[in-house]
2 protein chains.
Amino acid sequence: MKAVKTEPGNEQKPQATLTQSELVLEALNAGKNKRVRKLLARMHPAKTAALLESLEPQQRLDLWQQIAPVREARILPHLSQSLALQLRNDPGENGHAEDGTGETGTSHLEAARKALAQGKLKRLGKILHPLHPAKIAGLLEALPPEERRVAWSMVETERAGRVLTYLHDEIRASLALELDIEDLLASASYLELDDRVDLIQTLPSELGQRLLHASNARQRQLIESMLSYPEDSAGGLMNADTIQVRAEVKASTVLRYLRLLENLPPQTDMLMVVDRKGHYIGALRLSALVTAELDQQVADLMHKDIAAIPADSSSADVARLFQDQDLLSAPVVDEQNRLIGRITIDDVVDLIREESDRALMQMAGLDDEADIFAPVLVSSKRRAIWLGINLVTAFAAAWVIGLFEGTIQQLVALAVLMPIVASMGGIAGSQTLTLLIRGLALGQVQKGNTRTLLRRELGISVLNGLLWAVIIALLAVLWFGDWGIGAVLGAAILVNLLCAAFAGWGVPLLLQRMGIDPALAGSVILTTVTDVVGFFAFLGLATIFLL
Amino acid sequence: MKAVKTEPGNEQKPQATLTQSELVLEALNAGKNKRVRKLLARMHPAKTAALLESLEPQQRLDLWQQIAPVREARILPHLSQSLALQLRNDPGENGHAEDGTGETGTSHLEAARKALAQGKLKRLGKILHPLHPAKIAGLLEALPPEERRVAWSMVETERAGRVLTYLHDEIRASLALELDIEDLLASASYLELDDRVDLIQTLPSELGQRLLHASNARQRQLIESMLSYPEDSAGGLMNADTIQVRAEVKASTVLRYLRLLENLPPQTDMLMVVDRKGHYIGALRLSALVTAELDQQVADLMHKDIAAIPADSSSADVARLFQDQDLLSAPVVDEQNRLIGRITIDDVVDLIREESDRALMQMAGLDDEADIFAPVLVSSKRRAIWLGINLVTAFAAAWVIGLFEGTIQQLVALAVLMPIVASMGGIAGSQTLTLLIRGLALGQVQKGNTRTLLRRELGISVLNGLLWAVIIALLAVLWFGDWGIGAVLGAAILVNLLCAAFAGWGVPLLLQRMGIDPALAGSVILTTVTDVVGFFAFLGLATIFLL
């Protein structure tokens, strides 16, 4: 399947009345580089030369940047000699990607941004050309939206699809929408089915549907069955590119069959063994096949202990299975144990990275912020919510302090010292919280050992509470020369550290039981507890003992 | 290579004068279950029976727990009938691992802890027996130290080595030290070389040396060369189990050679192609080999674009390479481009997980806390350091407040509201900080785009600063009925959010340039900034405008 072409899109109809040159100029002024290059490719070299000569110098240089090197040689003879010389000497054309080190990628970004700032698109194309799609994706994500869009237009159609698969969802969707529908369809045609499914899932549903219908009937059926599973299930992760063999045949037959296939799907480390009705019965590793005697039967060579993953398993279970059993790929089956696909480790690696990332980001209330250059307004809105939630916490703390206005009025030192109590509690609590969140994610913390863990955390907080209560109390005495303040401060620290350990332990467990991700809401709730308890204990004890 | 035995260790000499039975009892009382079972295995069944009869009921049950099922049948006839009946009916013996659900692992932990609490070691053995080594490792990590030690003693020697490789470094070292030296050597003999190297690296050097010398000469040489690279380099990650072929030979020859090998190392997806002097020239994928015509030459089949990794590459580079190129394994070469090993994806997956974990843990100052049940004293000490660092921050904030004691005395409402300013700044700053830390780790943030990013973060903080300044000011006016307080509070919030964005952006970049991990120290420094600036701005503005 190559370049699937469908109807060219309605928005192009009115343009049919314009001349070729006008179309080029329109696209050039709109910054649609892909379209410019496509139009130029259909234009006679002499006509292109005439167009170039008719333009203002700046616009001429801009257009020259869009002309592919292979076509330059055919256009140059049609130009006046002085203009030809001038264009050939344009630094943007001959600038050999001056990236120097290359390796680290830092300089790629700098070189790319410099080329973009100067409008030297040819140089940008030269910088992008030798890069792996994953590196191009990284570069695109490191660019601000405007520059990202221009750089994206310079990525070859054959590679655009692969680049899309390496991007985070949000950026992927926005860049896919940048493409003409025909370019998008052509890019997608270079993708494996599971990547095409991912792409469809991140696109607006109408566009996704067009992408789906651009695939041939067999593929469409496979894609539709893959789309029927949630994105974060085994079915959503799988690819339909399994190679299936039967248990009764001999190794030599399998080898002959493979030779006929000529190519195996990427990351194939095993063939799947199925019965006549397509039920999974085992896996034949390539390493077992190549070391087998030719007359051995698949049934004797295959591994029966490679368990098939039910399509509705959660992606977390899949990740754990791959890690525990050091798998490279694994079969996926439906409820009737029929083989419907396989999951490969590259997708699992992405999954693991995303999972761990998410915990880190969620703890700062940055749930969806994959694009560091998302529009300011969008990011502001998302973060505002988090600040708003935190404001409730802050006002709760302020309300507690407000209860003791009279006390503070009489003893201002309390206002000076009270943030210390809240802060120490917050830090100690977040240590316990983080340990629990990670432990729950790794399965180290389970129903059977939470109580033992609480005892341990309380033990640690008693030791640290006593240590820091004494030190802080002494420092306060030195500062304010008042033993009473020191004693109350120390006592409040100890109380708050105990509460912090309890909250750091209890909050994530409670959230987990309620089906809420502990990483998302844990720290806000914890801080509320440590602030409120800290201020209340300190000011309350002061009111009782110091007035 | 099976069970390597060396001298049995000095500590056993004085025991030579004790009788067999006394040795058993001594080991039983010391809780050395492995040793008990080893001694029992050498004892005549009749003698074991006599020993059982001579014991107190409780000790007798304990000893009975240690007797392997296969030996029970031979011992029972030598026991008095009543005793035989009593022991056979001991619930610990017949308790079929009552784990019910099994799948999730939760119940394994609960069942194991129940068995441990009741001293039913046989039942524990039955729970552990069907589990994958990775699951056993997970179970051990979820157990408190005492129970972990007992459960560990019930793991079969043949599987102990594999279990060790799945444990976190700290726990691995402590459990390896629990083993008799001969058991440790025997366990290690079942391991692949790279896992054996990992084990040697986590053990105290003396013990590591003994493990090294227990390997045969060729293995020792390989291990020593692998040990010569830092643990977190490509050389430290690699395994020496490459299969090498020459470029001139035909596919049929390679297949014949592989058949002679009978078994390929785990996770072999490609053979390495080398020249006569061992220089790496390409990789032959098994998937290419099985689809090749038999008379094709390796030179035509191999992939030349699979770049070899220099042994001194950092593990972070290795991880990125594997992810970007979807590799399953990759060749490792020395400075002369000689093939010295390969890295497999299972080790890379572990690496990725550990890396992401570390950022999360470090942000809470939990650098080394892999063992959720590390001794309370050890954990307290580690966390105390973090609390101490935070205390400096807290006192800096308190000092700033102290500067304005007079102001607070005149207007106590300031003391009530000031935590709100600090808290909102801290939250907004940590959002920027987290974004930067993750962006730096993923390579999204690079030298070429930091300034653009700063502009964006400042833009977001202006928008959110204005929004929340107005809201919070209005709330303060409602609360205290004073427009002045509201205005000052709003202004302080705006100032602090701007500083927070600047600090959240600048602190990680500065730390990175100084070679300090931003995740480790970033949040403490950031909080210091937002607290100090927040209190100073709020109380300072109040002093100027409200008094």
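The values are calculated or read from the model by the stated rules, or taken from the named source; none is laboratory data. Worth saying up front: this structure is predicted, and the values here are computed from it rather than measured. In this analysis, Cβ positions are derived from the backbone assuming ideal geometry, glycine residues included, and neighbour counts consider all displayed protein chains.
A few comments on the model shown:
- Residue in region A:137-150 that is assigned to a helix (DSSP H, G or I), surrounded by fewer than 17 Cβ atoms within 10 Å (Cβ to Cβ) and in contact with a Pro (Cβ under 9 Å, 6 or more places away or on another chain) present: yes
- Looking across region B:504-525 at every residue that is aliphatic (A, V, I, L, M) and buried (at least 24 other Cβ atoms within 10 Å of the Cβ), the one that is farthest from the chain's Cα centre (by Cα) is identified as B:Val507.
- Qualifying residues in region A:238-255 (those that are part of a strand (DSSP E or B) and surrounded by fewer than 16 Cβ atoms within 10 Å (Cβ to Cβ)) - the one farthest from the chain's Cα centre (by Cα): A:Arg246
- From the list B:Ser153, B:Ser174, the lone residue that is away from every other protein chain (no Cβ under 13 Å), over 23 Å from B:Glu354 (Cα atoms) and among the polar types (S, T, N, Q) is B:Ser153.
- For region B:323-364, a residue qualifies if it is farther than 24 Å from A:His132 by Cβ and part of a loop (DSSP other than H, G, I, E, B), and the qualifying residues are B:Asp334, B:Glu335, B:Gln336, B:Met363, B:Ala364.
- Residue list for region A:257-283, restricted to those being more than 33 Å from the chain's Cα centre (by Cα) and either without any contact (Cβ under 8 Å) to a residue 40 or more places away in the chain or within 8 Å of chain B (Cβ to nearest Cβ) (or both): A:Tyr257, A:Leu258, A:Arg259, A:Leu260, A:Leu261, A:Glu262, A:Val273, A:Asp275, A:Arg276, A:Ile281, A:Gly282
- Residues in region A:446-473 that are farther than 13 Å from A:Leu497 by Cβ and free of Cβ contacts under 8 Å to residues at least 40 places away in the same chain: A:Gln446, A:Lys447, A:Gly448, A:Asn449, A:Arg451, A:Thr452, A:Arg455, A:Arg456, A:Ala473.
- Count of region B:404-440 residues which are within 9 Å of chain A (Cβ to nearest Cβ), hydrophobic (A, V, I, L, M, F, W, C) and within 30 Å of B:Asp517 (Cβ to Cβ): 9
- Out of A:Ala299, A:Ala240, A:Ala288, sole residue that is within 11 Å of another protein chain (Cβ to nearest Cβ), more than 30 Å from A:Leu442 (Cβ to Cβ) and not polar (S, T, N, Q): A:Ala288
- Residue within region A:325-340 that is closer than 26 Å to B:Ser287 by Cβ, touching a helix residue (DSSP H, G or I) at 6+ places or on another chain (Cβ under 8 Å) and surrounded by fewer than 20 Cβ atoms within 10 Å (Cβ to Cβ) present: yes
- Qualifying residue in region A:271-294 (condition: of a type in the set (Val, Ile, Thr), within 25 Å of B:Glu262 (Cα to Cα) and in a loop (DSSP other than H, G, I, E, B)): no
- Residue that is under 14 Å from the mean Cα position of the chain (by Cα) and either in the same structural domain as B:Asp350 (by TED's automatic domain parsing) or touching a residue at least 12 places away in the same chain (Cβ under 8 Å) (or both), where the choices are B:Ala142, B:Ala160: B:Ala142
- Within region B:355-378, residues that are over 18 Å from B:Tyr166 (Cβ atoms) sit with their Cβ atoms under 7 Å from residues that are modelled with pLDDT under 80 and assigned to a loop (DSSP other than H, G, I, E, B), at 6+ positions apart or across chains, in these pairs: B:Met361/B:Asp367; B:Met361/B:Glu369.
- Residues of region A:326-378 that are closer than 30 Å to A:Lys277 by Cα, within 16 Å of the chain's Cα centre (by Cα) and within 8 Å of another protein chain (Cβ to nearest Cβ): A:Asp346, A:Val348.
- Members of region B:268-281 found to be out of contact with any Asp or Glu (no Cβ under 6 Å at 6 or more places or on another chain) and closer than 19 Å to A:Thr268 by Cα, listed by number: B:Thr268, B:Met270, B:Leu271, B:Met272
- Considering residues of region A:379-389 that are touching a residue at least 12 places away in the same chain (Cβ under 8 Å) and of a type in the set (D, E, K, R) only, the residue farthest from the other protein chains (Cβ to nearest Cβ): A:Arg382
- All of (1) more than 8 Å from every other protein chain (Cβ to nearest Cβ); (2) under 23 Å from the mean Cα position of the chain (by Cα); (3) among the aliphatic types (A, V, I, L, M) hold for B:Val392 with one exception: (2).
- Region A:162-197: number of residues that are over 25 Å from B:Gly439 (Cβ atoms) and either out of contact with any Gly (no Cβ under 6 Å at 6 or more places or on another chain) or not β-branched (Val, Ile, Thr) (or both): 17
- In region A:458-483, of all residues being surrounded by fewer than 17 Cβ atoms within 10 Å (Cβ to Cβ) and not aliphatic (A, V, I, L, M), the one that is farthest from the other protein chains (Cβ to nearest Cβ) corresponds to A:Trp483.
- Being within 18 Å of the chain's Cα centre (by Cα), surrounded by fewer than 17 Cβ atoms within 10 Å (Cβ to Cβ) and closer than 20 Å to B:Ala519 by Cβ is a property that B:Ala316 has.
- B:Thr543, sole failed condition from (1) away from chain A (no Cβ under 13 Å); (2) over 30 Å from A:Ala134 (Cβ atoms); (3) crowded, with 22+ Cβ neighbours inside 10 Å: (3)
- Test: A:Ser233 is outside the structural domain of A:Glu354 (by TED's automatic domain parsing) and buried (at least 16 other Cβ atoms within 10 Å of the Cβ): yes
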